[in-house]
Amino acid sequence: MSAEIRLIAAIKYYEMGRISTGIAAVFAGLPKVLFLTKLGDYGVNTFRLTEAELIDDLANA
């Protein structure tokens, strides 16, 4: 149970923009790649770019 609580807390802190994915993964006790997949499981976006930022990035690629 405590591992799940740490994971949920890490996800929430990441979602709020308080910590990076790397720090959140360490906090949750997971490899970063696995933490990123867990974000999707909990409905949290992995990327924080707006649509305009994505369009700009594509235009500059």
Quickly run through region 36-61 and pick out the residues that are surrounded by 11 or more Cβ atoms within 10 Å (Cβ to Cβ), part of a loop (DSSP other than H, G, I, E, B) and touching a Leu at 6+ places or on another chain (Cβ under 8 Å).
Thr46
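Please find, among Val33, Val26, the residue that is surrounded by 13 or more Cβ atoms within 10 Å (Cβ to Cβ), among the β-branched types (Val, Ile, Thr) and not in a loop (DSSP other than H, G, I, E, B). Show your work before the answer.
Numbers: Val33 fails: surrounded by 13 or more Cβ atoms within 10 Å (Cβ to Cβ).
That would be Val26, the only listed residue that is surrounded by 13 or more Cβ atoms within 10 Å (Cβ to Cβ), among the β-branched types (Val, Ile, Thr) and not in a loop (DSSP other than H, G, I, E, B).
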Given the conditions (1) over 9 Å from the mean Cα position of the chain (by Cα); (2) not in a loop (DSSP other than H, G, I, E, B), report the number of the one that Ala10 does not fulfil.
(1)
Being without any contact (Cβ under 8 Å) to a residue 12 or more places away in the chain and surrounded by 16 or more Cβ atoms within 10 Å (Cβ to Cβ) is the requirement here; does Ile19 meet it?
yes
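Rule-based calculations on the coordinates, nothing more; no lab input. As the structure is a computational prediction, the values presented were derived from the model and not from experiment. Reconstructed Cβ throughout: ideal geometry from the backbone, glycine too, with neighbour counts over all protein chains shown.
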